[in-house]
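I have placed the structure first, in the form of structure tokens, so that the comments after it can refer back to it.
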Amino acid sequence: MQLLHQKEADLVEYYEMLLSQTENQNILIHDIKKHLQSISLLNEKNKSDKISAYIHQLLDSSDLQETSRICDNEMLNAILCRYQRQCMEKHINFVTDIRSGVLQNIYPHDLTSLFCNLLDNAIEAAENIPDSYIEITVHKKENSPFIIIIVINSCRSTPVYDQDGLPVSHKISKEKHGFGIKSIKKVVKQYHGNLQMYYDTDSGTFHTIITLKQKQLK
């Protein structure tokens, strides 16, 4: 459990760093007019070498690295952008439908634990399958405080399930694995929710359906 908590703390710290990088990017974009004015002054003095160096410095800045806008929750957006890049590298189609404002009452560290473990498992299952995909849907149940999270991913075969109906790790050292599912279960329990997982043999896809009850954040 200590290792699990440390992993979650490290993940939250990593994504907070990504949010800081995005903030720096916004600042740089805000200041771009000033940079253009400086380049213009150098141009008036025919300082072509300094202009070239200035432009390359801006282009090489980590603050200008491209980021995607997948959802309006900053923490989750940073998480999803990272996994979107992983899916592109592994040729997995990554599809999302995150409705606006639905996750505002979920703590950032819980979002990190939940979605990182869900997507780690989904990518592992979908990797090296032709035309594989991961589909994430998040919406609020109408006239209720409940959020519905659905993850569907390509999967080669039917998993083995435990007595709670949840998949068992197929890795050799099972006592060192399975913490991802435990972390997901912990978050679901904290939000008085429900977790359902099943394999659809007809479509060759694994389905995760999570219901969370929104908390009033302090």
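Some values worked out for this structure:
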item	result
Positive-end extreme of charge dipole, the stretch 83-215 - chosen from A125, L212, H91 (charges on Cβ)	L212
Residue-level accessible surface for Y54, protein heavy atoms, 1.4 Å, Å²	60 Å²
For F94, residues with placed amide H under 5 Å, excluding near neighbours	I134
Fraction of beta bridges assigned by DSSP in the stretch 95-174 that are antiparallel (%, nearest 5)	65 percent
For M197, net neighbour charge (Lys/Arg +1, Asp/Glu -1) across residues whose Cβ lies under 12 Å away	-2
In order through the stretch 136-141: 3J(HN,Hα) via Karplus (6.51 cos²θ - 1.76 cosθ + 1.60), integer Hz, x for Gly, Pro	10, 10, 9, 8, 9, 5
Pairs beyond 20 Å (Cα-Cα), from K186/K213; K185/K215; K186/K215; K141/K186; K141/K215; K90/K182	K141/K186; K90/K182
Under Karplus coefficients 6.51, -1.76 and 1.60, residue-wise ³J(HN,Hα) of the stretch 99-108 in Hz, glycine/proline x	5, 5, x, 6, 10, 5, 9, 10, 4, x
Packing rank of 190-199, 113-122, where each peptide gets the mean count of other beta carbons within 10 Å, highest leading	113-122, 190-199
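The values are calculated or read from the model by the stated rules, or taken from the named source; none is laboratory data. From a predicted model like this one, the values you see are computed outputs, not experimental measurements. Every residue, glycine as well, gets a Cβ built from its backbone with ideal geometry; the counts of neighbours run over all protein chains shown. Ligands, DNA and RNA are excluded from the accessible area calculation, which covers all protein heavy atoms including side chains. Shrake-Rupley method; radii C 1.70, N 1.55, O 1.52, S 1.80 Å.
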